[in-house]
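Report on the structure given below.
Where a number appears in this text, it was derived from the coordinates with a stated rule and is not lab data. The structure displayed is predicted, hence computed values, not measured ones. Backbone-built Cβ (ideal geometry, glycine too); neighbour counts: all protein chains shown.
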Amino acid sequence: MERCDCIEPLWPTDELLIKYQYISDFFIALAYFSIPLELIYFVKKSSFFPYRWVLIQFGAFIVLCGATHLINLWTFTTHTKTVAMVMTVAKVSTAVVSCATALMLVHIIPDLLSVKTRELFLKNKAEELDWEMGLIRTQEETGRHVRMLTHEIRSTLDRHTILKTTIVELGRTLGLEECALWMPSRSGSSLQLSHTLRHQITVGSSIPINLPVINQVFSSNRAIIIPHTCPLARIRPLAGRYVPPEVAAVRVPLLNLSNFQINDWPELSAKSYAIMVLMLPSDSARNWHVHELELVEVVADQVAVALSHAAILEESMRARDLLMEQNVALDLARREAETAIRARNDFLAVMNHEMRTPMNAIIALSSLLLETELTPEQRLMVETVLKSSNLLATLINDVLDLSKLEDGSLELEIRAFNLHAVFKEVMSFIRPIAAIKSLSMSVMLAPDLPLCAIGDEKRLMQTILNISGNAVKFTKEGHITLLASVLKPDSLREFRTSDFHPAACDGHFYLKVQLKDTGCGISPQDLPHVFTKFAQTQPGGNRGYSGSGLGLAICRRFVTLMGGHIWLESEGAGRGCTATFIIRLGVSDNMNAYQQQLTPHAWPSSANADSTGPRALHEERRPSSLKPRYQRSV
């Protein structure tokens, strides 16, 4: 018999028990081998699992356990040493893997517990977020109500409609049993009930304004809960037994109290607040919530703004009505003034025409009479008549010109004219009068003075005649000098004043005319009034001169129309006077038209001087060349 390397069982076995153990090991091995397959399926299907390596280790442990039980099937009978060695290796591997798995679980269990803690934390956070979302939804609902109420309140600018709409909309939105508004009285010593929701209390009831609860509401900018028994909350009759309702009150700033009161609300009040009282339904367990009080506060502010806008609108409408009435009155006054001005101008035109005809006849006949042989007494009387006639003719012309200047109907006659001829004609008019008084006269024209210019020749000549006539009139002895020059562009700044701003530009130049005399002068206190119409100054203390007081006033109007400025200078009584004016003229391109013989025109003098003697017209030719510096004629 061959030698057998087998291991016999150490004790006798019962074949039935062995059979059961054999079957049990088979099913245990089968279960152990199926569990790793299920774990592999779970890991594959799981999108996220942080402990996959633990599952792999646990699966190896289970596989080894199953292998041990499977190998153990061959140990129930006589088996070889090789089976025993395999069985030993399987059990040792199972022991190692099982110990490693157990140690690993010691570290994993706290992590798993912390995951549970985080789950609880996240759950609490989710509950908080749900609460905040509910609060946000509540605020959104409150905001929607506020926008709706604001739209309803601001849909009108009538103050009583605003208050009534506010009370009705608040009662509907918040489900109020009663809502009322207390307004300050005229005296400011009490609050009067002005508007209610249910009209359960008569409007006009009053309570003292110095109650502690009223001061508490006035001193807080938030809606507060007040006792239902206080005077402010007595806005509904007491009937039967009921559960006391919660009552809230909020102040309403009155930003503009003009004509704002119950039964003629006062324009000014001691308190600048009204009070809105809101009452929840009685016999209910309902209380005021925070978002409802916030809604009431926002609505109170919106009501204050709407009331202010309504008051401002009413004031603006009253101002507009008053302004319209004033405009109607001003338009009527303007029409009456225009009618009066037209009537005055028509009268002056008719009188000027009707008076000038005989006046010209008197002047002409007097001039002819002076050329005949007269006795000294007769000549003196005729000269007096001629002098008075000239003065009256000058006054007539000045009055008509002044009238046209004041109503704006005077228009400049802009055209090209010979500038040098204007000064020659003025000298031809003034020289005979100056010769009678033995005055020397000279005119100096700058070399760069243009021969011709564009402007109003007539008004320029009238201005120069007025100033020259005054110089002759107020000078007893000495000389009179007339200077004419063109202002340089760099010197314009020296002549700027508050109402005169000369500026150099192409196509225009500024003419400066200056007339100096050695007459009686003007006192410093009279200088500011020399250009005032009908102002009678007394130059140099001489009382022997008279005039209408219109000449210089008209000169200033003429100069202003021609874009210039005029002023007088005097060092005092007896020291002479210097009259200067600057006007703006256009540069003429047609120079050849004035190289021919000049034909002066007769201009009626508007000078305020007392002229004597005939005013002859002369025809002169322009000199062929200008002297190096100035032309001078004496």
Pairs of Cα atoms farther than 20 Å apart, the stretch 146-236, %: 41 percent
Rough spin-label spacing in nm, given labels placed 7 Å along Cα→Cβ, for Leu129 and Ile28: 4.9 nm
Other-chain or far-sequence residues with amide H under 5 Å of Met444's (modelled H): Leu482, Leu483, Ala484
Entries of Lys387/Lys458; Lys387/Lys437; Lys473/Lys516; Lys19/Lys81; Lys19/Lys91; Lys424/Lys458 with Cα pairs more than 20 Å apart: Lys387/Lys458; Lys19/Lys81; Lys19/Lys91
Förster radius 35 Å - calculated FRET efficiency between Ala503 and Leu330, Cβ distance, rounded to 0.05: 0.45
